[in-house]
Structure formats: C-alpha cells, structure tokens
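For reference, the structure discussed in these notes is given below.
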Amino acid sequence: MSDVNGERLLADLQALSAIGGLADGGVDRLAWSDADLAGRRWFAKRMQEAGLEARLDAALNVFGHVPGTTGPYLLTGSHLDSVPNGGRLDGAYGAVAALEVLRTLVESKNPIAPLVEVVGFSDEEGVRFASGLIGSLALTGELDTAKLGEAHDWRGVPIDQVLAAAGREVDRLVDAHQHLASIAGFLELHIEQGPRMEAAGIDLALVTGIVGVHRQRIQLIGEQNHAGTTPFRLRHDAGRAAARATAGLYELVQSIDGDAVANVGFMQLEPGGVNVIPGRATFTLEVRHLDEATVRRIVAAFAERLQEICAEEGCRIESELLSWVPPAPMDPTQVEILQQACRQLDREPARLWSGAGHDAAVLSRHVPTGMLFVPSLGGVSHSPREATSDAHLVLGARALLRAVERSAARIK
Ligand SMILES: [Zn+2]
C-alpha cells in the first residue's frame with residue numbers, strides 16, 4: 001500500500017508553525033486572532049492544493065473532503081488554535097497529519113478517500129473566552145451561545161466584536177451543527193502532552209478515555225480581627241483553615257486512588273493585610289479521574305476533612321460548583337481499529353487515559369470516537385519547548401492512515 005509522505009508532513013507542520021510563530025520556537029495562534037485566522041486560511045488552501053473541497057463553517061472550523069461528496073464521513077483531525085506562547089504541535093499535529101492521510105488516500109486513488117473528511121477545529125483551548133472546545137461543541141449542537149454571547153476576552157473585547165472581525169456571528173455559531181448528521185465517526189491523533197509514554201519507551205498509545213473534571217469554588221468565613229492583640233486560641237482564622245485543608249490534599253487524593261489528580265490553583269485571603277487575621281479565604285479545587293465515582297469520592301472526602309478543620313477553627317464553609325465535565329470513554333471498536341493499525345506497523349500500543357481535555361471528548365458523546373497519542377519529549381506541552389521526534393510524528397501519521405482506512409471501510 002502507499003504510505004504517507006513523511007517529509008511533506010514535517011514540511012507542512014513547519015509551514016503552519018511559522019504562522020503566529022515566535023522567536024523562541026513557540027507559536028501564538030490564540031483563538032480567532034489574526035494568526036489563528038491566517039492558520040485556518042493556510043489549512044484550507046493546503047486542502048485545495050491537494051484537490052479537496054475546503055470550507056470554513058459558522059464556527060470557523062475548517063473542513064475538507066473529496067469534491068462532490070456529501071458523506072457520511074469518517075472525520076479525522078484536531079484543533080488549529082494554540083494557547084499564548086504555546087507549542088507548535090498541540091492540535092496542529094493532528095490536523096496536519098489528517099490532511100496528509102486524506103491526501104495520501106486521494107493520490108493513491110483509494111476508494112475509501114470519498115468517505116473521509118479532515119477537520120481543523122476552532123477555539124479548543126478556551127483561553128480567550130474562558131470557554132474551550134467551542135468548535136466541536138458547535139458541531140455537536142452542545143454550544144450554549146446565550147452564555148457565550150456575554151463573554152469578553154481579557155482586553156475587554158466582546159466576543160461578537162471578535163467574531164464580526166472574522167465574518168461570523170455568535171448567534172450563528174450553532175449553524176455548524178447541521179453538518180453533524182454527515183459524520184459517522186471521529187479519530188483524533190495528538191501528542192501526549194505528558195511524560196508517561198517517553199518514560200516507558202512507548203511509541204504509540206491508544207486513549208481509553210478522557211478524564212472527568214470537577215471544579216469547585218470554596219469560601220471559608222472566619223472572623224477578621226487584629227493580628228497583634230488576638231491570642232491564637234480566640235482566633236477564627238479563615239486563612240489557617242484553608243491552608244490546613246489544602247496542604248493535605250495530595251495525601252487525601254492518593255489514599256483514595258493513585259491515578260487521580262487534584263489541584264488548588266487559586267487562593268485569596270481577605271482583606272489581605274499583614275496585620276489582619278483573614279476573615280475570608282477563597283480557593284478553587286479541581287479533581288480529575290477517568291471514573292466518575294472516584295471523582296465523587298475524592299470531592300466528598302475533601303468536604304468531610306474541610307468540615308472537621310472548620311469546626312476546629314470556628315469557620316463556616318460556602319461552596320459552589322463551577323463546572324462538571326463527565327469522563328469520556330472512547331468507543332471500543334475505534335480503539336480496536338487503532339490497535340490493529342499500530343500492529344500493522346509492528347508496534348504494540350499502550351493504553352492510556354488522557355488527563356487533558358480534547359475535541360474527541362465532545363465528539364465521543366455523538367459518534368464512535370477514538371484517539372491515538374505519540375510521545376512528548378520531556379512530557380512538555382503548552383510551552384515553546386513542546387516537541388516530539390520526527391520519527392514519532394511520521395509514525396503516528398502512518399498509524400492514523402491505517403486506522404482511517406479500516407474505520408472508513410465500516411461506513412455504509
Ligand atoms: Zn490539544
């Protein structure tokens with residue numbers, strides 16, 4: 001069989017990384033910035049040069065397929081946007097590799113080619129409007145435009161103004177949903193963004209599922225008082241209560257499940273004076289695991305421990321759920337297809353869950369979805385130092401080609 005052109009794949013990745021490229025090797029293609037829009041136009045143009053029909057939908061997702069076809073398609077790709085000062089592979093690799101795969105199928109006149117569509121999703125990262133996966137949520141009809149319509153970026157620019165500059169409207173983002181009926185499955189190739197594969201010497205990994213993410217804001221209310229005249233035993237120190245509870249977080253999580261992770265990424269003491277006992281402590285708690293019951297157990301155990309501490313410190317607790325994203329198991333058939341594709345290349349893939357969110361999590365709720373990882377050097381991502389060896393980049397695309405052939409053959 002004909003195989004992907006590795007040199008062309010690497011050259012395309014190089015060309016895309018120059019759009020929004022930074023001197024330190026990183027890229028800045030923040031969602032719907034000039035660089036991001038230029039990246040989308042470049043991707044559409046590369047599709048057209050490959051003889052494909054390309055289009056930017058109502059949510060600025062870029063799609064490409066064999067001209068004259070209407071689906072149903074096996075969709076493959078990833079996102080084209082990046083975090084500020086991010087890496088050149090996160091998202092871009094899966095999109096460019098998908099293009100290389102379909103280009104190879106077209107060039108070799110493979111009868112499967114008309115059943116495959118390539119996608120470069122819009123605003124997956126969610127940095128600009130604190131709301132990610134916008135492109136895939138719009139495609140699947142899950143996007144809440146009423147909430148999103150009020151969003152501003154950190155410069156205070158309203159989202160409708162940002163979209164208007166790109167020729168789009170917030171209320172019309174949902175039009176992207178019309179295309180979902182034409183999609184029969186989804187495969188996403190991505191860099192691991194973590195250290196596990198490199199440490200274990202693994203070339204390819206099947207993603208079994210994407211973790212559920214619980215986010216909560218907790219406020220402890222104590223009693224603001226003079227830090228010089230109030231003896232310890234008479235204090236109701238909200239800062240001390242928050243510190244005690246959060247300092248034990250790792251041990252508490254580990255005692256429940258060795259694979260779970262949690263994070264306190266924000267903490268604020270009020271009023272915030274060097275000589276004032278904090279009357280209020282506010283912090284966030286994030287918990288991630290592939291199993292929903294495990295997440296619930298950790299959240300409940302933390303709440304119980306917090307209750308004990310606050311009883312001792314004389315503080316009151318107010319807690320608010322910020323968001324809950326359920327775990328997204330991948331489709332067993334697509335995982336099996338990806339495994340066979342890896343074995344065709346004489347590689348026995350590992351099975352990993354993903355601790356980071358991906359468009360595949362959204363698609364998995366609607367169509368049979370699978371995901372494949374290649375290793376990240378040093379486990380670094382969301383950084384200019386993000387890298388994967390050329391050999392692994394080409395290997396991942398070769399595996400994707402074989403999986404796409406097998407998966408698309410099942411359509412109809
Ligand atoms: Zn990504």
(message) For a quick check of your reading of the model, give me the residue pairs whose first member lies in the stretch 234-251 and is at positive phi and at pLDDT below 95, whose second is part of a helix (DSSP H, G or I) and not aromatic (Phe, Trp, Tyr), with beta-carbon atoms closer than 7 Å and at least 6 apart or on different chains.
(response) none
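Could we say that Thr76 is surrounded by fewer than 24 Cβ atoms within 10 Å (Cβ to Cβ) and hydroxyl-bearing (Ser, Thr, Tyr) here? Don't jump to the end; show me each part of the working.
On the way: surrounded by fewer than 24 Cβ atoms within 10 Å (Cβ to Cβ): no; hydroxyl-bearing (Ser, Thr, Tyr): yes.
So Thr76 fails the test.
Of all the residues that make up the stretch 325-360, how many are part of a helix (DSSP H, G or I), away from the ligand (no atom under 16 Å from the Cβ) and farther than 20 Å from Asp203 by Cβ? Spell out how you get there, then give the answer.
From the stretch 325-360, those part of a helix (DSSP H, G or I) are 332-344, 359-360; that's our starting set.
Within this subset, residues satisfying the condition of being away from the ligand (no atom under 16 Å from the Cβ) are 332-344.
Now restrict to residues that are farther than 20 Å from Asp203 by Cβ: 332-333.
Residues that pass the stated criteria total 2.
Among the residues of the stretch 379-395, is there at least one that is part of a helix (DSSP H, G or I), at pLDDT below 95, of a type outside the set (S, T, N, Q) and surrounded by fewer than 17 Cβ atoms within 10 Å (Cβ to Cβ)?
Our first condition is that a residue be part of a helix (DSSP H, G or I); within the stretch 379-395, this holds for 379, 390-395.
Subset that is at pLDDT below 95: 379.
If we keep only those that are of a type outside the set (S, T, N, Q) as well, we get 379.
Next cut, surrounded by fewer than 17 Cβ atoms within 10 Å (Cβ to Cβ) only: 379.
Yes, the stretch 379-395 has at least one match.
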(request) Just name the residue that is farthest from Asp123 (Cα to Cα) out of those in the stretch 20-34 that are touching a residue at least 24 places away in the same chain (Cβ under 8 Å) and not in a loop (DSSP other than H, G, I, E, B). (result) Gly21
(message) Condition first: modelled with pLDDT under 95 and crowded, with 21+ Cβ neighbours inside 10 Å. Now tell me which residues in the stretch 7-29 satisfy that.
(response) Gly26
(message) Tell me whether the stretch 273-295 contains one or more residues that are touching an Asp or Glu at 6+ places or on another chain (Cβ under 9 Å), aliphatic (A, V, I, L, M) and modelled with pLDDT under 95.
(response) yes
(request) May I ask you to list the residues in the stretch 361-379 that are within 14 Å of the ligand (Cβ to nearest atom) and more than 15 Å from the chain's Cα centre (by Cα)? (result) Val374, Ser376
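If you take the residues in the stretch 332-349 that are surrounded by fewer than 19 Cβ atoms within 10 Å (Cβ to Cβ) and not polar (S, T, N, Q), which one is farthest from Lys147 (Cα to Cα)?
Start the filter on the stretch 332-349 by keeping residues that are surrounded by fewer than 19 Cβ atoms within 10 Å (Cβ to Cβ), which leaves 332-333, 336, 340, 343-348.
From what is left, the residues that are not polar (S, T, N, Q) are 332, 336, 343, 345-348.
Working: Pro332: 34, Glu336: 38, Arg343: 45, Leu345: 46, Asp346: 48, Arg347: 45, Glu348: 44 Å.
That would be Asp346.
Yes or no, residue by residue, for (1) within 16 Å of the ligand (Cβ to nearest atom); (2) among the aromatic types (Phe, Trp, Tyr); (3) out of contact with any helix residue (DSSP H, G or I) (no Cβ under 6 Å at 6 or more places or on another chain):
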{"site": "Leu22", "(1), (2), (3)": "no, no, yes"}
{"site": "Gly26", "(1), (2), (3)": "yes, no, yes"}
{"site": "Ala35", "(1), (2), (3)": "no, no, yes"}
{"site": "Leu89", "(1), (2), (3)": "yes, no, yes"}
{"site": "Val101", "(1), (2), (3)": "no, no, no"}
{"site": "Ser122", "(1), (2), (3)": "yes, no, no"}
(request) Being without any contact (Cβ under 8 Å) to a residue 40 or more places away in the chain and in contact with a helix residue (DSSP H, G or I) (Cβ under 9 Å, 6 or more places away or on another chain) is the filter; apply it to the stretch 50-67 and report the residue that is nearest to the ligand (Cβ to nearest atom). (result) Leu56
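Quick one: which of Gln161, Gln193 is among the polar types (S, T, N, Q) and surrounded by fewer than 18 Cβ atoms within 10 Å (Cβ to Cβ)?
Numbers: Gln193 fails: surrounded by fewer than 18 Cβ atoms within 10 Å (Cβ to Cβ).
Answer to the check: Gln161.
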(request) Output the helices (runs of 4 or more DSSP H) that fall wholly within the stretch 87-205 and possess 3 or more residues being touching a strand residue (DSSP E or B) at 6+ places or on another chain (Cβ under 6 Å) and modelled with pLDDT of 95 or more, or say none. (result) 92-107
(request) Exactly one condition in (1) in contact with a helix residue (DSSP H, G or I) (Cβ under 8 Å, 6 or more places away or on another chain); (2) in contact (Cβ under 8 Å) with a residue 60 or more places away in the chain; (3) farther than 12 Å from Val118 by Cβ; (4) away from the ligand (no atom under 16 Å from the Cβ) is not met by Ser82; state its number. (result) (4)
(request) Hey, can you tell me all the residues within the stretch 291-318 that are surrounded by fewer than 21 Cβ atoms within 10 Å (Cβ to Cβ) and farther than 17 Å from Ala242 by Cα? (result) Asp291, Glu292, Ala293, Thr294, Arg296, Arg297
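The values are calculated or read from the model by the stated rules, or taken from the named source; none is laboratory data. Please read these numbers as outputs of a predicted model, since none were measured by experiment. Here Cβ is always computed from backbone atoms with ideal geometry, including for glycine, and neighbour counts include all displayed protein chains.
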